[in-house]
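Derivation of every value follows stated rules applied to the coordinates shown; laboratory data play no part. Here the structure is a predicted model, which means the values were calculated and not measured.
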């Protein structure tokens, strides 16, 4: 697996802690039901590293962008960092509304590939 390229955000780090094109970790096998079992919590957007470098404007501006998905972003805690695995558009919408935090569900990825919820 090639190592994703880490870029400094164009915002100078004021929005996200970092921007990657791809996740540096192996994706845990989590179902929608697994994610739904993790209680949401608030995190600072500036503490998140996004694993998607491209944003789709049509999705960002859609009124029903979370209609078919989880209302909360999905974050993987790995090696002491918080990676925004799903929820980039929600995070950008929050930032555009001058909010510095967002609600997410966090799963900690363990060394053996298993995961555990972060309370």
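List of remarks:
- Gain in span if fully extended, residue 29 to residue 46, counting 0.36 nm per residue against the direct Cα distance: 3.5 nm
- Net length gained if the chain between residue 112 and residue 57 were fully extended (0.36 nm per residue, minus Cα distance): 16.1 nm
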